[in-house]
Amino acid sequence: MLLIDGKQTAATIKAEIKKEVEDIVARGGKRPHLAAILVGHDGGSETYVRNKVLACEACGFQNTLLRFEDDITEEVLLECVARLNSDDDVDGFIVQLPLPKHISEQKVIEAIDYRKDVDGFHPINVGRMSIGLPCYISATPKGILELLRRYEIPTSGKKCVILGRSNIVGKPMAQLMMQKQYGDATVTVCHSRSATLKEECLRADIIIAAIGQPAFLKADMVKEGAVVIDVGTTRVPDATKKSGFRLQGDVDFEHVAPRCSYITPVPGGVGPMTICMLMLNTLAAGKQLYYKR
Ligand code: GUN
């Protein structure tokens, strides 16, 4: 069994990005600039955004954080999005989710210029991704593809089961794993209502678990030699931790790992790759790789 080290891979990619940025700047080019909008004081969002700012610094990106209280109106937030859309210095930006309930997340996402939508959440990017056109691919599925690629794990022609059908992981992951230019695999999507979930998993060469249920995937659901990618990050109470909790993946790691050829741990697997993929998308935005502005 080999552990897929997302933390190390993410560090390697950030170093590669930093090197490319310094080369661009040395040739007289522009340093990529990522802006982030953070509304309110949600603990998780604060941490994510802090880590995004730190990752920008590690990559040599210019970065701007725009903060608003959670009583901001939708109208004012949309004005801020419009300003960033027309600010030529900003290559890409994100609006950290979730937003307060009185604001329509979908409306805000659709207000972002898709050419600056480095989260890959705009329907134009989602649609282009699903038909294999150049676009920003959202961070979690992109990070999983990158781990499979860097560990040289064969996917072409393999049977891949995806657990979960969310818009941010399950659906895009299925689209990408089936496409010739990415996974080129035979893909089955299972979810909470799937009657044959266990049988499907037992036939799978690759299982991507993104169902949001701690330790859902058990050893008796996994074929010997399978590759298991764990996207789950549920906080479960743990009195032995200073914080009082630990992160639990969707995989019963202790019992599943011995059966696997490769497996991602939680934490330290898919998680560290996601912010790193936002950085790769920002670099692409700076280079106008997918869209000219
Ligand atoms: N909230 C949790 N994950 C994400 C993400 O990838 N992007 C944004 N904008 N908000 C998030």
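Readers should treat all values here as calculations from the given coordinates under stated rules, not as data from a laboratory. Computed from a predicted structure; not experimentally measured. A quick note on method: Cβ atoms are made from the backbone with ideal geometry, for glycine too, and the neighbour counts reach across all protein chains shown.
Can I get the semi-axes of segment 225-293's equivalent ellipsoid? Compute them from the C-alpha gyration tensor as square roots of 5 times the eigenvalues, in angstrom, largest first.
32, 18, 7
Ranked highest first by the average count of other Cβ atoms within 10 Å around their residues, in what order do 150-163, 239-252 fall?
Result, highest mean first: 150-163, 239-252.
Would you mind putting 197-208, 19-30 in packing order, based on average other-beta-carbon counts within 10 Å, highest first?
Put in order of decreasing packing, that is 197-208, 19-30.
Stick to the Cα atoms of segment 1-65, pair each with every other, and give me the Kirkwood hydrodynamic radius in Å at one decimal.
Computed over Cα pairs of segment 1-65, the Kirkwood hydrodynamic radius comes out at 13.4 Å.
Contour minus end-to-end for Thr240 and Phe68, with contour as 0.36 nm per residue of separation and end-to-end as the Cα-Cα distance?
Net length gain for the segment: 58.3 nm.
For the chain, calculate the relative contact order in percent as a whole number, restricting contacts to Cα pairs under 8 Å that are 6 or more residues apart.
22 percent
Subtracting the Cα-Cα distance from 0.36 nm times the residue separation, let me have the gained length for Glu110 to Asn51 in nm, one decimal.
Here the answer is 18.8 nm.
Relative contact order for segment 1-97 using alpha-carbon pairs under 8 Å, separation at least 6, rounded to a whole percent?
Relative contact order of segment 1-97: 37 percent.
Can you tell me the equivalent ellipsoid semi-axes for the chain? Use √(5λ) from the Cα gyration tensor, largest first, whole Å.
Ellipsoid half-lengths, sorted descending, are 32, 22, 19 Å.
Among DSSP bridges having both ends in the chain, what percentage is antiparallel? Round to the nearest 5.
Expressed as a percentage, antiparallel bridges in the chain total about 10.
Throw me the Rg/Rh for segment 146-284, computed over C-alpha atoms with Kirkwood Rh, two decimals.
0.97
For segment 1-158, I need the span (max minus min coordinate) of the C-alpha atoms along each principal axis, in Å, sorted largest to smallest.
50, 41, 33
When the helices in the chain are scored as -39500 (n - 2.57) per DSSP H run of 4 or longer and the sum is shared across all residues, what 222 nm value do you end up with, to the nearest 500 deg cm²/dmol?
-12000 deg cm²/dmol
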